[in-house]
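Taking it in order: structure first as structure tokens, then the write-up.
The values are calculated or read from the model by the stated rules, or taken from the named source; none is laboratory data. Just so it is clear, the structure is predicted and the values come from calculations on it, not from any experiment. A quick note on method: Cβ atoms are made from the backbone with ideal geometry, for glycine too, and the neighbour counts reach across all protein chains shown. Please note that ligands, DNA and RNA were not included when accessible areas were found on the heavy atoms of the full protein model with its side chains. Shrake-Rupley method; radii C 1.70, N 1.55, O 1.52, S 1.80 Å.
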Amino acid sequence: MFKSLLVILLLMGSSISAYAGNDKRVQLIPKAGAHQFPFFDYLTPVWSYNGKVPGPVLRVKAGTTLIVDVDNQLKEATSVHWHGLRIDNTMDGVPGVTQDPIEPGERFTYRLRLEEAGTFWYHPHLNAGEQLERGLKGVLIVDERKKLPWSQDVVWLLDDWRLRKDGTIYPHFNTRHDLMHDGRWGNAITINGKVKPTLVVSPGERIRLRIINGANARVFAGSLAGLPIQVIAVDGRPVSTFFAFDHFILSPGNRVDLDITIPKDAGGRIYQLEDKFTRRTRILGKIKVKNEKPLKTPQFAPPKARGFIPADIFEELPVTKTWDLNALRGGRYGIGWAMNRRLWPEADKATFKIGQPIKIRFANSSTRLHPMHIHGAFFRVLEVNGQPEVEPFTRDTVLVGPRESIVIGLIPEHEGIWVAHCHIQSHADAGMMTSIKVD
Ligand code: C2O
Ligand code: CU
């Protein structure tokens, strides 16, 4: 009786705050579009949200309910998944698990209660190997309740494309080659759809730079030499101790938020964001400092993680679930990517209890990369190849390298069925996905 009264009061509370103007409503229209790459004299046909590649940056303050009306104008079914958000399970955007596909011409409304500030992104969760690659993705920023006085708050969404000489996107997805390797790596890298863009800043400015890897498969190891930089958030959540940004591995799905102070004497200089993941260093983008009088540097402390999961909770705990990652013959494409030798949807699924600490081992028996992502949860890396690992942050995606074995710890907090999968889209499309039921 008391309990139900409490529920009613809580419900009233939330509807009152809704009337208090804490809702924001936006429309996302997946549809055909066109994009100008600098290599061609003509536009490249893409699939877009609202006609733009990448889609609009959705930006709200923590405490807002974001209502997103999706109006599917593609010729195929789609869905929108909100990567990194811990929201009501029915809003998670996974066809066959949390909703039906949004058919062409149909609409679906997502209601996202956004309590935690951070850097997130959105993308389809259906035929994802093709839909993301054709351009469907965008960034979602939840701002802190109390605005931080950054000089600039900049979003850099990394992506790569496999383009043909005729200016079109290479139209074969999940090819044998992609499946035998680390998915589809493109031949053109972009930031916010542009090739090697330049961010212009003033000496003395303090910038928050949010970097998101939205590529289908490419892993970046980012570094920005010459500037004092601190990593303040990983995968949307504040870190517990700030640390220097140097060769930080960003696998598909990962995000990193940087706190960059431009030195007062840096006028006229140019700094480069470089990728050093492969043997060939690539310049991704530039920061150009104007030659002018330095501005006053804002002084404040960015938030640090409060509810960090202490590693000792997991100390005595045996591994709850092991997922072996490997390829096998079979499945839709002839080559399947399996978790415990099973392919989605015939997966080896798990059920965990809410509030109970869980240890998961991802054991990569293959020689390929698998950035493993879990929906609706964040976790901590505990062990890499049997050695304890201490990362001062939590994640929602971790790269499991060739033959590597990684143990993670998490405490399920949200009821529902949450998928866990490799974020290399071809691998996921070829079966490398399972689900975790939390009750
Ligand atoms: Cu960005 Cu299921 O993932
Ligand atoms: Cu994989």
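Couple of notes before you dig in:
- For the stretch 246-323, the calculated P(r), taken from all Cα-Cα distances in 5 Å bins from zero up to the bin holding the longest distance, is 3, 9, 12, 14, 15, 15, 11, 9, 5, 4, 3, 1 percent.
- Only Lys, Arg, Asp and Glu carry charge here, each on its Cβ (+1 for the first two, -1 for the last two); on that basis the chain has a dipole of about 1000 debye about its Cα centre.
- If both residues of a DSSP beta bridge must be in the chain, then about 75% of such bridges are antiparallel.
- Equivalent-ellipsoid semi-axes for the stretch 14-115 (Cα gyration tensor, √(5λ), whole Å, largest first): 28, 17, 11.
- Where the stretch 150-220 is the region considered: accessible area per residue in Å², 1.4 Å probe: 32
- Extreme residue, positive dipole direction of the stretch 203-281, given options ALA244, GLY267, ALA215 (C-beta unit charges): ALA215
- The average projected area of the stretch 273-429, computed from the convex hull of its Cα atoms over all directions, is 13.6 nm².
- Debye-sum result for the stretch 122-247 in log10 I(q)/I(0), which assumes one identical scatterer on each alpha carbon, at q = 0.17 Å⁻¹: -1.02
- Residue with peak Gaussian network fluctuation, the chain [Cα springs, cutoff 10 Å], from GLY386, GLY236, GLY129: GLY386
- Eligible lysines near LYS75 by straight Cα distance, threshold 27 Å, same-chain separation 8 or greater: LYS31, LYS52, LYS137, LYS165, LYS194
- Rg [Å, one decimal], Dmax [Å, integer] - the chain, C-alpha atoms: 21.5, 69
- Cross-link reach list, aspartates and glutamates versus LYS286, counting only Cα pairs under 19 Å and skipping chain neighbours closer than eight places: ASP153, ASP159, ASP160, GLU205, ASP246, ASP257, ASP259, ASP265, GLU274, ASP275
- Residues in the stretch 287-412 average 50 Å² of solvent-accessible surface per residue, probe 1.4 Å, ligands and nucleic acids excluded.
- Radius 13 Å from Cβ of ALA225, net charge of other residues (Lys, Arg +1; Asp, Glu -1): 0
- When a 1.4 Å probe is rolled over the protein heavy atoms, the share of accessible surface on the chain that falls to carbon and sulfur comes to 53 percent.
- Label reach from ASN187 (point 7 Å along Cα→C-beta): in the stretch 35-50, amide nitrogens under 17 Å belong to 37-42, 44-45.
- Net charge of Cβ neighbours under 11 Å - reference SER202; Lys, Arg +1; Asp, Glu -1: +4
- Within the listed set ALA188, ALA420, ALA363, the residue fluctuating most in the Gaussian network model of the chain (springs between alpha-carbon atoms under 10 angstrom) is ALA188.
- DSSP-assigned coil residues among trypsin sites (Lys or Arg not before Pro) in the stretch 301-357, each with at most 13 further Cβ atoms within 10 Å: ARG306, ARG332, ARG341, LYS353
- Magnitude of the charge dipole, the stretch 129-196, Cβ model with Lys/Arg +1 and Asp/Glu -1, debye to 20: 140
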